[in-house]
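Below is one structure, written out as structure tokens; the observations come after it.
The values are calculated or read from the model by the stated rules, or taken from the named source; none is laboratory data. All figures in this text were calculated on a predicted structure; none of them were measured in a lab. Note that we place each Cβ from the backbone using ideal geometry, even for glycine, and neighbour counts take in every protein chain shown.
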Amino acid sequence: MSETVQRRAGHGPRTRETRTRGRSRRGRTPHADRRGTVGAASGAGFDNINPATEEVLGQVANGSAADMRRAIASARRAFDESDWATNHGLRKRCLEQLQEALESEREQLRAELVAEAGAPVAVTHLAQLEWPLADALRWPAKMIDEFPWERELPDGGLMGPSKRVVRKEPIGVVGAIVPWNFPFEVTANKLGPVLAMGNTIVIKPAPDTPFNATRLGRLIAEKTGIPPGVVNVVTSSDHLVGEELTLDPRVDLISFTGSTATGKRIMERGAATLKKVFLELGGKSAMVVCDDAGFAAVLPMAGAACMHAGQGCALQTRVLLPRSRYAEGVEILTAVMSNIPYGDPTDPTVLSGPQISALQRDRVQAHNDRAVAQAARLVVGGGRPAHLPRGFFIEPTLFADVDNSMAIAREEVFGPVLAVLAYEDDDAVRIANDSVYGLSGGVFSASHERAMNIANRIRTGSVGVNGGLWYGADSPYGGYKSSGIGRQNGIEGLEQYTQTKALAWPA
Ligand code: NAD
């Protein structure tokens with residue numbers, strides 16, 4: 001066991017009531033220590049790998065389905081038996097304490113995200129860490145006082161006069177299933193609204209990025225007054241341990257971010273208990289560039305598709321160029337993609353780090369190979385960089401002459417891969433909408449009105465117009481079509497974690 005492993009196993013992740021870790025002796029019945037940490041029933045652990053170096057960072061507990069059921073029981077108990085659901089003041093105070101606790105370990109969180117997610121340090125100053133740290137808890141905490149918990153209806157008269165009110169209540173136990181690409185961002189943007197609305201939660205981090213979630217658990221246990229059982233973290237290398245959340249009748253809602261395939265499976269498996277679902281899924285967003293746009297200023301922004309090695313669901317991975325300026329656009333994009341700083345994520349100038357795993361790297365490579373086979377024109381990259389033999393790297397890659405029927409234009413690649421398509425006249429909106437996805441997008445034009453007209457016709461959950469950024473804890477984020485159901489953040493996101501009750505009494 002390395003020093004890191006010992007640190008992890010001994011003082012690492014835990015929550016108040018339930019957390020699994022790898023040090024309990026095989027066969028021993030786990031019970032919580034004074035900080036709420038319990039061991040995995042099996043005593044097993046699994047490695048957390050640095051995707052940039054392939055080194056083992058440490059271990060976490062390999063939780064089982066039985067461990068998950070214990071966590072669910074703990075969350076259920078905390079919801080049913082404590083005053084968490086009704087005590088607004090306590091919740092606000094606890095979220096503020098957690099905010100402070102996270103800020104006190106900001107640099108450790110940053111280093112951890114760089115190490116376990118392969119997130120470039122520059123990206124931790126954006127959505128990977130700083131943006132969610134700024135408001136993912138603060139805004140929902142503020143909204144505890146401002147949320148319309150109750151509204152009065154006019155008196156009813158159907159069976160004699162009645163006073164009527166509609167009340168919002170917490171939905172109950174939330175199962176939060178988190179992906180590896182933006183682990184802290186996604187977790188924080190689930191946790192803030194879930195807790196603010198009075199729910200309890202079981203967090204299941206992705207097997208590839210467990211440390212940030214277990215750090216969160218430890219901070220909650222050590223530095224906040226969040227009552228035992230309100231927040232639970234279960235790590236596991238087995239995806240199907242997450243499925244326990246979708247099957248268990250004690251869980252009221254699944255809040256999932258990840259692939260569309262897994263989202264569909266969650267709906268299917270959750271149907272037996274009529275599970276409520278929030279699904280934030282894949283995307284294949286279009287960047288529509290009008291013929292009057294300033295190409296030299298606008299097209300470098302397309303390089304953002306390589307941010308964090310393209311492992312972002314909202315990235316604009318299809319660039320739609322007008323046929324009249326297509327050659328000029330491809331030339332600029334070739335320069336942009338040839339000069340994307342990629343490699344070591346600890347280097348502050350790097351935009352594109354490694355893929356999260358060998359599996360993901362191979363998936364991206366397969367997408368690239370298929371694009372070549374389908375006659376897309378490979379202009380930049382396309383393979384594994386020879387100068388980076390260790391780590392799961394793929395070169396920033398540009399495909400031109402892509403037809404929207406090709407797989408590279410239709411499927412989510414989740415790699416640093418950009419596809420360029422030409423459009424005629426007013427065909428850009430049709431091409432942008434010719435996708436099973438509808439998560440995000442961008443429109444660029446010298447005319448704001450023209451850009452807005454296009455933005456209004458794209459069937460997608462968010463659009464940046466001329467580089468505008470819609471992101472924020474107060475801004476609903478989610479997908480049309482196969483990109484999901486429901487919204488993260490905003491009033492819509494808060495409402496999602498509530499139930500609605502209508503009450504009446506004689507007037
Ligand atoms: P995934 O959707 O399988 O995994 C995401 C999370 O879901 C992980 O925590 C995983 O353990 C859990 N999970 C997996 N199967 C489950 C099940 N049956 N029940 C409950 N939980 C389950 O994603 P992946 O396999 O890691 O990546 C595959 C592809 O998904 C990527 O190439 C990418 O296209 C897409 N993806 C999208 C996002 C996003 O933010 N929308 C995030 C990650 C991956």
*Only listed residue being more than 8 Å from the ligand (Cβ to nearest atom), assigned by TED's automatic domain parsing to the domain that holds residue 57, at pLDDT 95 or above and under 29 Å from residue 43 (Cα atoms), chosen from 257, 246, 262, 209*: 209
*All but one of (1) of a type in the set (Gly, Ala, Ser); (2) surrounded by fewer than 21 Cβ atoms within 10 Å (Cβ to Cβ); (3) closer than 23 Å to residue 352 by Cα hold for residue 405, so report the exception by its number.*
(3)
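Can you name the residue in the stretch 152-170 that is surrounded by fewer than 19 Cβ atoms within 10 Å (Cβ to Cβ) and within 32 Å of the chain's Cα centre (by Cα) and is also farthest from residue 353 (Cα to Cα) among such residues?
Quick first cut of the stretch 152-170, residues surrounded by fewer than 19 Cβ atoms within 10 Å (Cβ to Cβ) only: 152-167, 169.
With the extra rule that they be within 32 Å of the chain's Cα centre (by Cα), the set shrinks to 166-167, 169.
Details: 166: 49, 167: 47, 169: 43 Å.
My answer is 166.
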_Please go through the stretch 173-206 and give me each residue that is away from the ligand (no atom under 14 Å from the Cβ) and among the hydroxyl-bearing types (Ser, Thr, Tyr), ordered by number._
200
*For the stretch 219-230, indicate whether the set of residues that are assigned by TED's automatic domain parsing to the domain that holds residue 66, under 21 Å from residue 76 (Cβ atoms), within 15 Å of the ligand (Cβ to nearest atom) and hydroxyl-bearing (Ser, Thr, Tyr) is non-empty.*
no
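For the structure I just gave you, tell me whether residue 63 is among the small types (Gly, Ala, Ser) and modelled with pLDDT of 75 or more. Walk me through how you get there before you give the answer.
Details: among the small types (Gly, Ala, Ser): yes; modelled with pLDDT of 75 or more: yes.
Yes, satisfied.
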*Looking at (1) surrounded by 18 or more Cβ atoms within 10 Å (Cβ to Cβ); (2) of a type in the set (D, E, K, R); (3) part of a loop (DSSP other than H, G, I, E, B), find the lone condition where residue 76 falls short.*
(3)
_Within the stretch 360-396, considering residues that are outside any loop (DSSP other than H, G, I, E, B) and more than 15 Å from the ligand (Cβ to nearest atom), the one surrounded by the fewest Cβ atoms within 10 Å (Cβ to Cβ)_ = 373
*asked:* Could you check the stretch 294-337 and list, in sequence order, the residues that are surrounded by fewer than 17 Cβ atoms within 10 Å (Cβ to Cβ), of a type outside the set (Ser, Thr, Tyr) and over 28 Å from the mean Cα position of the chain (by Cα)?
replied: 294, 296, 297, 323, 327, 328, 331, 335
*asked:* Among the numbered criteria (1) surrounded by fewer than 24 Cβ atoms within 10 Å (Cβ to Cβ); (2) among the hydrophobic types (A, V, I, L, M, F, W, C); (3) more than 30 Å from residue 447 (Cβ to Cβ), which one does residue 290 miss?
replied: (3)
